[in-house]
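Heads up: the structure comes next, in structure tokens.
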Amino acid sequence: MDLSLVELLKNNSWKNVLNSEFEQNYFLALETYLGQEQAKNKIIYPARSNIFEALNLLDLHQVKVVILGQDPYHGCGEAHGLSFSVPRDIKIPPSLRNILKELESDLKMTLSDSGDLTSWVKQGVLLLNSVLTVEKDKPHSHRKRGWETFTDKIISAVSLKNDHVVFILWGKPAQEKIGLIDLNKHLVLESVHPSPLSSYRGFFGSQPFSRANTWLAKHSLSPINWMLNGK
């Protein structure tokens with residue numbers, strides 16, 4: 001029998017601030033919906049055990065940077081619970097390819113051909129999607145089912161509990177979350193989305209990685225080693 005969603009969240013630092021959400025009507029409806037979809041043999045990404053991967057890998061108090069995505073990749077094998085990231089052996093999707101191009105340009109580095117961003121998470125980067133599940137081959141299929149309310153609570157908790165966090169908001173849906181962030185103590189970096197449709201309208205050249213590290217250093221926080229498997 002599948003574990004309930006609350007059982008999938010293993011990290012107590014997040015459970016302490018999110019436990020009450022699991023009892024709210026919106027979340028109970030969300031869990032019912034996901035169960036019904038599964039009963040119809042719908043394929044849902046990421047794997048159920050990875051739905052809260054971004055939270056399980058990183059304690060709340062360790063968050064230094066938040067990179068907010070929309071919903072998980074909907075192709076086979078791509079989503080593994082971290083926004084924009086794909087497992088090491090999976091072809092890099094177009095938006096992530098553009099992120100890595102900007103990273104190479106911003107920090108003058110050469111990266112190996114991997115789209116696995118797990119090393120960022122281990123240094124304090126919360127790779128959070130606004131919606132945490134999606135149906136196979138149907139982007140945005142789980143929007144407005146309750147996930148947005150839940151992830152808004154996550155963003156608010158980071159803003160409230162932590163100091164001097166960098167919030168990287170790419171594209172209009174991410175930028176709409178700015179009202180959840182205390183701008184008196186956090187840095188918000190905004191640009192268009194890195195998708196091929198918009199990246200040339202201001203994403204390239206926005207230098208989010210160096211700007212984030214400058215902010216962290218200014219506030220006596222260790223910078224992020226964005227290198228991945230670069231040479």
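The calculated FRET efficiency for Asp182 paired with Lys136, based on their beta-carbon distance and R0 = 45 Å, is about 0.75. Take the chain with all the other protein chains still there, run a 1.4 Å probe, and you get 48 Å² of accessible area per residue.
Packing here is the average count of other Cβ atoms within 10 Å per residue, and on that basis the peptides 213-219, 112-118, 94-100, highest first, run 94-100, 112-118, 213-219. Taking 7 Å steps out from each Cα toward its Cβ at Leu28 and Leu107 produces label points 4.6 nm apart. When the listed pairs Lys161/Lys185; Lys91/Lys136; Lys122/Lys161; Lys91/Lys172 are checked against a 22 Å cut-off, the alpha-carbon distance exceeds it for Lys91/Lys172.
Beyond 28 Å, what percent of the Cα pairs of the chain remain?
Counting every Cα pair in the chain, those more than 28 Å apart make up 27 percent.
For Asn129, the residues whose modelled amide H falls within less than 5 Å of its own, excluding neighbours fewer than 5 places apart on the same chain, are Gly69, Ser83. Close amide-amide hydrogen proximity is noted between His142 and Glu135, each under 5 Å apart and 5 or more residues distant or on a separate chain (H modeled in the peptide plane; Pro and chain starts excluded). As a rough guide to protection, the peptides 61-68, 19-26 ranked by mean Cβ packing within 10 Å, highest first, stand as 61-68, 19-26.
Per-residue ellipticity at 222 nm, computed for the chain from helices alone with -39500 (n - 2.57) per DSSP H run of at least four residues, works out to -9500 deg cm²/dmol. Amide hydrogen proximity for Phe167: with H placed 1.01 Å from N in the peptide plane, the residues at 5 or more positions away or on another chain lying under 5 Å are Val66, Leu187, Val188, Leu189.
The values are calculated or read from the model by the stated rules, or taken from the named source; none is laboratory data. Keep in mind that this is a model prediction, so the values were computed, not measured. Every residue, glycine as well, gets a Cβ built from its backbone with ideal geometry; the counts of neighbours run over all protein chains shown. Quick note on the areas: whole protein, heavy atoms, side chains included, nothing else; ligands and nucleic acids left out. Shrake-Rupley method; radii C 1.70, N 1.55, O 1.52, S 1.80 Å.
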